[in-house]
Amino acid sequence: MNSDYKLPFTNKTDDQIVFQNPWHSQLFAITVQMSEKGNFNWKEFVEVFGETLKKQRTYLNNLNGSNDYFSCWLNALEEILIIKKISNRDTLTLLKEDWIEAYLSTPHGKPVNIKNRSV
Amino acid sequence: MSEKKNFSGDYHHQHDHAHSHLPSDPELRVKALETLLLNKGLIDSETLDELIDTYENRIGPKNGAKVVAKAWVDPEYKKRLLNDATSAIRELSYQGRQGENMVVVENTPETHNVIVCTLCSCYPWPVLGIPPTWYKSDEYRSRTVREPRKVLLEFGLSLNPKVQIKVWDSTAEIRYLVLPMRPKGTENMDESGLAKLVTRNSMIGTGLPKEIK
């Protein structure tokens, strides 16, 4: 074992990986594209994101910068879409349920698609 | 079939698995968002793929390393870089998202600079790419301001107590890049050789450039 094993910022084997999960990169790209198309500016997003991180910290001690960080990012994107009246909580929940249903009703190995819901 | 959510937000249900594997809660929510915004015509898949490819494969600390190496060999460029970093970086064709307003801070024998974003994870994408996981962690974001010397030590960087540490808090408007000191013994090296010595952490301030052997 390396002598500096206990140091928090060293020996991170994942250090060079840009996105640790495909949903992180997908979320990142959706947010950037939405901002660049003028649906919100980056400063607005950062403000909502900063608040989300702060809220999360009140009941979770330490965000590790990976899944929990991007979960906050996801909350922030949903939030800003609702603030900007691009969507609402019910629609987002319904769409998620559509995806759950699609996964549960699609045989393993087949492509998963959801029914066309008017949004 | 019963279904319940576990602590990590994943859905679990009990029966035989003839159907597709159910993704985690955040994965499903990202899918929902994607469906919504594609259907509304607010995003397109091609641009999403392009963005991911750009940040996974094309933009990263190598860009910043070229900026630093140029500043090491070209005193006029260094002057421009310290006066107006955004324009000087643009000279090397690095610009755009999250690099619209750049400030470069120079390390000297007396001062060592470190960058952080206490609010979230603001970071100079055009020159450093996407921040590493630790940059986004609570620990780095809170402790770097409070006890920078200790944090640097945990990165393996032990600074002389006489060296002053300056911490720069990035925002959505201003992004910082550290110009590290050129390593000793590199007087005969050219720009491309020097660029290979510049590490990502040396441009954040949590490390130093590689030494030549």
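Odds and ends about this structure:
- Across B:LYS136/B:LYS166; B:LYS40/B:LYS136; B:LYS79/B:LYS162, pairs whose alpha-carbon gap is larger than 21 Å: B:LYS40/B:LYS136; B:LYS79/B:LYS162
- From the alpha carbon centroid of region B:34-53 to that of region A:35-89 is 19 Å.
- Highest-fluctuation residue, B:ASN201, B:ASN188, B:ASN107 considered, GNM on chain B with Cα pairs under 10 Å: B:ASN188
- Check: chain B dipole with +1 on Lys, Arg Cβ and -1 on Asp, Glu Cβ, in debye: 900 debye
- A crude spin-label estimate for the pair B:LEU153 and B:ASN101, with each label 7 Å from Cα along the Cβ direction, gives 3.6 nm.
- Antiparallel content of DSSP bridges confined to chain B, in %, to 5: 25 percent
- Sorted fewest first by neighbouring Cβ atoms within 10 angstrom, B:MET102, B:MET181 come out as B:MET181, B:MET102.
- B:GLU50 paired with A:THR93, simple spin-label distance in nm, labels 7 Å along Cα-to-beta-carbon: 3.7 nm
- Under 19 Å from the B:ASP169 label point (7 Å along Cα→beta-carbon), backbone N, region A:47-74: A:47-58, A:63
- Of the residues B:VAL198, B:ALA65, B:SER137, the one whose Cα sits farthest toward the positive end of the charge dipole of region B:61-204, with +1 on the Cβ of Lys and Arg and -1 on the Cβ of Asp and Glu, is B:SER137.
- Using the Cβ-Cβ distance between B:TYR77 and A:THR58 with R0 = 51 Å, the FRET efficiency computed as 1/(1 + (r/R0)^6) comes to roughly 0.65.
- Cysteines, the protein assembly as shown, no other Cys beta-carbon under 4.7 Å: A:CYS72, B:CYS120
Coordinate-derived values only; no laboratory data. Note that the structure is a prediction, hence the values are computed from the model and not measured. Neighbour counts run over all protein chains shown; Cβ positions are idealised from the backbone, glycine included.
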